[in-house]
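The values are calculated or read from the model by the stated rules, or taken from the named source; none is laboratory data. All values derive from a computational prediction rather than experimental measurement. All Cβ positions, even for glycine, are placed from backbone atoms using ideal geometry, and neighbour counts span all protein chains on display. Heads up: the accessible areas ignore ligands, DNA and RNA and are worked out on the full protein's heavy atoms, side chains in. Shrake-Rupley method; radii C 1.70, N 1.55, O 1.52, S 1.80 Å.
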Amino acid sequence: MDYSQEQIDKLSEMAACFTPIGDIATVLDVDVYQLKTDIRQRQTTVSKAYYRAKVETAHRLRQQEIELAKIGSPLAVEHAHSYLLEMDSDEDL
């Protein structure tokens, strides 16, 4: 499906706030199953916009968590450790 730049921008904005795809589809006035299919196809513009926005927000949250860990937050230290383990696991082929 072809998406307008306005739809892509709105999708990015909503994905950055971790909005569920069903809700994004409602706002964009598109079929939820078509949107999910398009997002699953990683080479599509809509997929790239969705995952980029999601990952950028997750990155900012991790940065904040690392800063909290540096000043001694036990929960943040635990989360930072899980991020490291996740990263190590993802490096495996």
| In region 51-69, residue farthest from T37 (Cα to Cα) [restricted to those that are loosely packed, with under 14 Cβ neighbours inside 10 Å and aliphatic (A, V, I, L, M)] | L61
| task | Go through region 19-50 and give me each residue that's loosely packed, with under 14 Cβ neighbours inside 10 Å and acidic (D, E). | result | D23, D29, D31
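For region 70-83, give me each residue that is part of a helix (DSSP H, G or I) and open to solvent by less than 90 Å² (accessible area, probe 1.4 Å). Spell out the reasoning first.
So in region 70-83, the residues part of a helix (DSSP H, G or I) come out as 70, 74-83.
Across region 70-83, the qualifying residues are A76, V77, H79, A80, S82, Y83.
If the requirement is being touching a residue at least 24 places away in the same chain (Cβ under 8 Å) and open to solvent by less than 70 Å² (accessible area, probe 1.4 Å), which of these qualifies: S12, S4? It would help to see each step written out before you state the result.
Values: S4 fails: touching a residue at least 24 places away in the same chain (Cβ under 8 Å).
Going through S12, S4 in turn, the sole match is S12.
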